[in-house]
Each structure stands twice: as C-alpha cells, then as structure tokens.
1. Can you tell me which residues in the stretch A:376-400 are within 14 Å of chain B (Cβ to nearest Cβ) and either in contact with a Ser or Thr (Cβ under 9 Å, 6 or more places away or on another chain) or open to solvent by 50 Å² or more (accessible area, probe 1.4 Å) (or both)?
2. Hey, can you tell me all the residues within the stretch A:336-356 that are in contact (Cβ under 8 Å) with a residue 60 or more places away in the chain and not charged (D, E, K, R)?
3. What's the total number of residues in the stretch A:50-71 that are open to solvent by less than 40 Å² (accessible area, probe 1.4 Å) and more than 16 Å from ligand 1 (Cβ to nearest atom)?
4. Out of the residues in the stretch A:32-49 meeting the condition of being farther than 23 Å from A:Pro141 by Cβ and within 10 Å of ligand 1 (Cβ to nearest atom), tell me which one is farthest from the other protein chains (Cβ to nearest Cβ).
5. For the stretch A:210-239, which residues satisfy the criterion of being closer than 26 Å to A:Gln175 by Cα, surrounded by fewer than 19 Cβ atoms within 10 Å (Cβ to Cβ) and of a type in the set (Ser, Thr, Tyr)?
6. Among the listed residues A:Asp371, A:Asp351, A:Asp367, A:Asp342, identify the single one that is open to solvent by 40 Å² or more (accessible area, probe 1.4 Å), in contact with a helix residue (DSSP H, G or I) (Cβ under 8 Å, 6 or more places away or on another chain) and of a type outside the set (Phe, Trp, Tyr).
7. So how many residues does the stretch B:18-46 have that are in contact (Cβ under 8 Å) with a residue 24 or more places away in the chain, within 7 Å of chain A (Cβ to nearest Cβ) and in contact with a Ser or Thr (Cβ under 7 Å, 6 or more places away or on another chain)?
8. Please count how many residues of the stretch A:23-52 are outside any loop (DSSP other than H, G, I, E, B) and closer than 15 Å to A:Ser277 by Cα.
Amino acid sequence: MDKLFHSVYLDRSKCKGCTTCLRNCPTGAIRVRGGKARIIENKCIDCGECIRICPHHAKLARTDPLKSIESFKYKVAIPAPTLLGQFKQRYSADRILTALKSIGFDEVLEVAKGAETVGRSLEFELEGGRDDLPMISSACPAVSNLIQVRFPELVGNITTLKSPMTLTARMAREQLLANSEHNGLKDEDIGIFFITPCAAKATEVTKSLSAGDPMDRIDGAISIKDLFRPLSAALGKGKCEAGLHTASSEGFSWAVSGGESSYLGKRRHSLHVDGISNVISVLDEIECGRLSNIDFFEGLACTGGCVGGCLTVENNFVAKMRIEMRAENERGNVVPALSEDDLRTFYASGDMHREQPLEPRIFQPLDEDFDKAIEKMNEIERIEASLPGIDCGSCGAPGCRAHAEDIVKGFARKIDCIFVLRDRLETLARLTNEMLQMGQPMSEQEETEDESK
Amino acid sequence: MGYNMTFDVESGDFATAGQASRKIKKKLQDLGISSKIIRRIAIAGYEGEMNLAIHSDGGQILLDAEPGVITLRLEDTGPGIGNVDLAMTEGWSTASDSVREMGFGAGMGLPNMRNNADGFEITSRPGVGTKIKMTFDL
Ligand code: SF4
Ligand code: SF4
C-alpha cells in the first residue's frame, strides 16, 4: 500500500481543539493547529483511542452504511466473534445470527470459522522453527500498524498467516463460486460485508479492495454500533433459523484476549497482552531481545481484546464475561470442519498466507543527510531545554519535545508555546514601559547635557 | 560534529530500567540510522542498562553519534568485576537470587553486548567500577 487510507477521521465542526486526544494518541499522530485537531496520516495506526477519548465526539470512524449492501445481488455478512458478546445470554447465537440475516443478508458466516483455521495453523507456523521469536499474531491490524510504524525491526516476526476475517471472506466467496452452476452467481454479484468492532479492521477492509489477492477482498465494513438498533429490534421477531451458528467455542473466543493463544495450548510459551500501551511496553522488550524464549505473542490494541473495540456497544468487561459464558456452555459442541490432513493441505497451498509480507512504514528521519540530522537533533535539544517541560499541549503538540521537533521541522513556531509567548510579552511590556518612562526626561537630560558642553 | 547525550541509571531501579534504551532508540531513528543497527544497539544498550541497575551502585550511559560510528559508553561506580575473562563467558552471572527471580541477570549480559557490537572494550577495577565502550559501525 503506498497510499494510506484511514478509517479514523475528524469532524472539524465538532472539534473544539481541547487537546484531550493529543496526549492520548500512542504514536503522537495528533496536532492541534488553528484550533482544530489534525491527524498525521503516516503515524496514525487506527487504534481508535482518540475516538474513545474525545469528549466532543469529533473523532469518528468511517464505515459503510447498511444500505450499501444493496448494490450487490447476493449479500453475505461475516460478523466478528465480538458480536455474540453484545447481546444477553438468553439470545442464542443462532437467534443473533438470524436477526443479522433478517436485516438484509442472504447468508451469514461467522469470522470465528476463519479464526479456527488460523488458530489450528499457528502450530504449523512454529513447527519448522523460526529465525525470530516470538512469532507475533497478525489478528489485530492496529498492532500490525503499530509495529510497522514504531517497531520496524519486528515486522518480520509477524506471522504471514492471513487474518480470520480475510480467510472467512475467502471461504465464503470460494464456496459460492464453486456452486455457481446452481446459484448462478458471478464474482461481482457477491457482496461480502464484515461486521466490525473497530476502526482498524474497517481500514483493513478498504485495503483489501485494492491490494492482495482479489479472492480475499471484502466489499465493505459495517460497524456493530450501527447495527445494534436494527438487530435489537429484529431479535424478537420471526422464527429462529437453526444451524447458522457453526463456529466452535474456541473460534469465537478470539473475541477475548488470549483466545488465539489458547490454540497453542501448553506445548508452547505464549503471551497475550491487551490495551495499546501494554502492547507497546511488551513490544519494547521484544525489540530489546528480552523475550526470545517466548514462542508466540498475541497483542490486541483494545482493552480485553476485540470486545473492547471502539465500534462496539456493550461494556467490554460485560461482553467478555458473556463470550466466556457462551464458550463454557458450548465447549465441545462443534467438531472442526477440516480434518487435520485437509488443514495441512490447505496450509501447504499458500492460500492461507498473505502474498506479500508486511513492510515497515517509512520513518522520516530529521534529515536524509546525517550531518544535518545531527545538527537538527542538537537544535531540538537546545529548544527543548528552553521550553517549560510540563507537556501541557497548549502549543498543539503532544509534549514539549514534540513541539521542539515540530519547530525544527518547520511545522510550528516557538511562540506557539504560551509560556514562551508570555515571557516575550512580558519582556515587550517591560521594554515599552521603560521607554515610556524614560521618554520625556531622557531627552531633557540629553539637552541639558548638551547645553553644559 | 556529533551528537551526544547522557542518561543516568540508578542502582536497583528496575521499574524504570529500559527507559534509557527506549530514548536512545527513538533518537537514533530520528537520526536516520538503519533499523537493523538500531536493534543491535537497543539490545546491547538494554543489557547495559540492566547491568547498571543490577550490579552497580549506579552509573551513566553515554551515547555518541558521529558520521560513521555510534558509540555507547557505560560507566558505573560499584564493586567492579574481579575476573573479566570469566564474566565474558556465556552463562556466568553474579546476580543475586532475588534479582534472578525477576528474570534478570541470568548471565549472558556481557557476551550478548559484545556479540551485538562491532567494537567492545571493558575495563574494570574491583571496588571502583566498570567502564565499557561499545562501537557500532554505520
Ligand atoms: S479531543 Fe481532540 S478531536 Fe476531540 S474536541 Fe478535543 S482536540 Fe478536538
Ligand atoms: S486512531 Fe489512534 S493512532 Fe490514529 S490518531 Fe487516533 S489515537 Fe492516534
């Protein structure tokens, strides 16, 4: 991807320039300029922290409206496992999926199915031995983006297995096309829509339309939040369709942090961490070489895992409890569709792996020329030392250091700092005052001195 | 023409250990150093930082970036190392049990630093302190 697309964006009319988001962005991607927030595109990882924190609801995620499915003849919904955590236990999974189907879809296939396939294949990825341990999960796109932006050396640790969402979309499309003699569907008739818990996945969906294998493409992302009301209304209506819920408890447990790792069982050392700042601190340790004794790292940007996604409705702890209870009740109900042998054949086919491994996002150094970069670095440090060091954010940068960097890069002026401005104004006021006071008597004095000569 | 920076590391301060290495990493990224070299410096720097926190009475990490070479110096006051050659063998450690229980000090520190650096010099005076100089060619 050369062109960066982001689901997260700003509604300028709602932004009050309050700087709340500024200090909570994990990659320092936000500036407030001219009284409005701005996102620096190549630093944003679509984690959704700013959406959660903005008190004025000015940060939003671009997703597709439900009516966008109308442009396809055959509409398939692929819901994230998190969907099951949004509703009370008394609604069975079949009931929830029936409701989803009833609001306009011809077919529903749970992303938890793709999760099963990926989960069972993790062991294959580790079997051959790897140069870089721990292997890092590719399930959370915000974490993959984070690694591309802040931990370029770890990009190679990310597994090249496709995400459950991508594999599920592929499974749905392949099945429909394999039956085209009966269903009469052509590729372009099929619209596959991901029901998304977060902005990062919505971005991943948009990317799938222009890059990678066309069989993996997903035609749109509809947020769980937008569907919550129509789904709630549909839950009580009509007959429940049996057999829509085909995923195993292990599969839909991916909604919760640790669900993916559990596929590796006790044979492997795996570490699962949720919440973006926790993920960052563990990645720091991995980069410093401290955790190479661990086989697998599952990092999820949202608290609790996908149940904490910024486009979900239910409190993440409640949703987590519901997923866990559903998993407990359904344990062992589903036998995996693919036998071990079939799974290995699929794994060996290459279709389970992304064609191109991820690349680090280009990090812009202070200057291409090393001498100049050093000069600028020294300049930044001089300016930083002259700033108050309280990281108040009123200059529009997330901290004094970032402000000093912005000045040297030419994006800001020193007097954007209100303390610097105040000092200058004070100096100016003092000088003006001095001049005023000196004005009259001074010239008289000079005249007298002159006369005395 | 160069850029240099000093970081203080306190003895026994495990909670903030790693901070200096993180800052060094960020600065080297800004200077446009390749991520491969940064990673080696981060690994060696982190080991060094841990050594200062675990084994010394406190010290400093000095970063020096010049065209062609990055130098990392670790200077501490403390017990020093009696037998440097022995300390350079993999697996050797003087860390106390309580430190080991925290997952630190399982040996490997000095050899790991040497393996990641292009140049490695160590001088130690028992009862006074240790000085390590690591260089990384650009
Ligand atoms: S939190 Fe950010 S986006 Fe929201 S109003 Fe404040 S500055 Fe604007
Ligand atoms: S989505 Fe995350 S990375 Fe992007 S601007 Fe918001 S807080 Fe920063």
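1. Hits for the stretch A:376-400 are A:Lys376, A:Glu379, A:Arg382, A:Glu384, A:Ala385, A:Pro398.
2. Result: A:Pro336, A:Ala337, A:Leu338, A:Leu343, A:Phe346, A:Tyr347, A:Met352, A:His353, A:Gln356.
3. Residues flagged as open to solvent by less than 40 Å² (accessible area, probe 1.4 Å) and more than 16 Å from ligand 1 (Cβ to nearest atom) within the stretch A:50-71 amount to 3.
4. Going through the stretch A:32-49, the residues farther than 23 Å from A:Pro141 by Cβ turn out to be A:32-36.
Retained after the next criterion (residues that are within 10 Å of ligand 1 (Cβ to nearest atom)): A:32, A:35-36.
Values: A:Val32: 22, A:Gly35: 28, A:Lys36: 27 Å.
If we take residues in the stretch A:32-49 being farther than 23 Å from A:Pro141 by Cβ and within 10 Å of ligand 1 (Cβ to nearest atom), then A:Gly35 is farthest from the other protein chains (Cβ to nearest Cβ).
5. A:Ser210
6. Selected residue: A:Asp351, the only one of A:Asp371, A:Asp351, A:Asp367, A:Asp342 that is open to solvent by 40 Å² or more (accessible area, probe 1.4 Å), in contact with a helix residue (DSSP H, G or I) (Cβ under 8 Å, 6 or more places away or on another chain) and of a type outside the set (Phe, Trp, Tyr).
7. Total meeting the criteria: 1.
8. Applying the first criterion (outside any loop (DSSP other than H, G, I, E, B)) to the stretch A:23-52 yields A:23-24, A:30-33, A:36-39, A:41-43, A:49-52.
If we keep only those that are closer than 15 Å to A:Ser277 by Cα as well, we get A:23-24, A:49-50, A:52.
Residues meeting the conditions: 5.
The values are calculated or read from the model by the stated rules, or taken from the named source; none is laboratory data. Everything quoted here is computed from the prediction, not taken from an experiment. All Cβ positions, even for glycine, are placed from backbone atoms using ideal geometry, and neighbour counts span all protein chains on display. What goes into the accessible areas is simple: the full protein's heavy atoms, side chains included, and nothing from ligands, DNA or RNA. Shrake-Rupley method; radii C 1.70, N 1.55, O 1.52, S 1.80 Å.
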